[in-house]
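Presented below is the structure to which this report refers.
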Amino acid sequence: MLLTGPTGTGKTYQAFGALRHVAQGGPRRRFELITINSADMYGRLRPSQTMGSAEAELRRLSTVQFLLLDDLGTSKVSEWTEEITYRLFNYRYNHCLPTVITSNLPARNDNGPDLTDFVGARVASRLAEMVTELVPVIGGDLRRGQGAA
Ligand SMILES: Nc1ncnc2c1ncn2[C@@H]1O[C@H](COP(=O)(O)OP(=O)(O)OP(=O)(O)O)[C@@H](O)[C@H]1O
Ligand SMILES: [Mg+2]
């Protein structure tokens, strides 16, 4: 699921709501979820002095049953962010692991920045297949008391 829309419209709130619904939705032996802000994720995955810790973290995020990746597209794009994003999504795509993404960037925008620019063409292609629910979240900034548009 991909939720896109401007700041403060309730994307993160709705993403948690969807996952709560899944967690409560019937008999399930386990429900394992990691929620991470994408800027924090890239921060944690920077090569560190502790050998292998970034690799272990990438493996944890790649293999967890449900992943909520919040605010994808806020970091500066580099070859390194593209590679990390590719490795994460390629694993989850290959293993059909459910992923919920929120982003301020639209999925496609011919006249400005979009999520494809951020993730790169190969991840965008995988996302096109992975995203079965594209949810545009519209309205004002709820943090500023602006209601629905
Ligand atoms: N349906 C709702 N009912 C009540 N409060 C809500 C609802 N949706 C969002 N909020 C509140 O509005 C604020 C903004 O919501 P949220 O953080 O989900 O926005 P966002 O779209 O993820 O913003 P950003 O793009 O900045 O990450 C939060 O304080 C949240 O608790
Ligand atoms: Mg948010």
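At a glance:
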| quantity | calculated |
| --- | --- |
| The range 74-149 - Debye-derived log10 I(q)/I(0), Cα point model, q = 0.19, 0.20 Å⁻¹ | -0.88, -0.94 |
| Integer Hz, Karplus 6.51/-1.76/1.60 couplings in order for the range 100-108, x for Gly and Pro | 10, 10, 10, 7, 7, 7, x, 4, 9 |
| Normalised alpha carbon radius of gyration of the range 27-104 [divisor 2.2 N^0.38 Å] | 1.10 |
| Percent accessible area from carbon and sulfur atoms, the chain, protein chains only, probe 1.4 Å | 51 |
| Relative contact order (%) - the range 1-124, alpha-carbon pairs under 8 angstrom, separation at least six | 32 |
| Over the chain, volume per residue of the alpha carbon convex hull, in Å³ | 131 |
| Rough spin-label spacing in nm, given labels placed 7 Å along Cα→Cβ, for Ala128 and His95 | 2.6 |
| Residue-averaged 222 nm ellipticity for the chain, from DSSP H runs of 4+ at -39500 (n - 2.57), nearest 500 | -13000 deg cm²/dmol |
| Karplus (6.51, -1.76, 1.60) ³J(HN,Hα), θ = phi - 60°, over the range 20-26, in Hz, Gly and Pro reported as x | 4, 4, 5, 4, 8, x, x |
| From phi via Karplus (6.51, -1.76, 1.60), per-residue ³J(HN,Hα) for the range 51-58 in Hz, x at Gly/Pro | 4, x, 6, 5, 4, 5, 5, 4 |
| Radius 14 Å from Cβ of Arg122, net charge of other residues (Lys, Arg +1; Asp, Glu -1) | -2 |
| The range 26-149, accessible area per residue, ligands and nucleic acids excluded (1.4 Å, Å²) | 61 |
| In Å², nearest 10: area of Leu134 left accessible to a 1.4 Å probe | 100 |
| Relative contact order of the range 57-144, pairs being alpha-carbon contacts under 8 Å that are 6 or more residues apart, as % | 31 |
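The values are calculated or read from the model by the stated rules, or taken from the named source; none is laboratory data. Note that this is a predicted model, so its numbers are computed, not measured. Every residue, glycine as well, gets a Cβ built from its backbone with ideal geometry; the counts of neighbours run over all protein chains shown. Remember, those area values only see protein heavy atoms, side chains included, never the ligands or the DNA or RNA. Shrake-Rupley method; radii C 1.70, N 1.55, O 1.52, S 1.80 Å.
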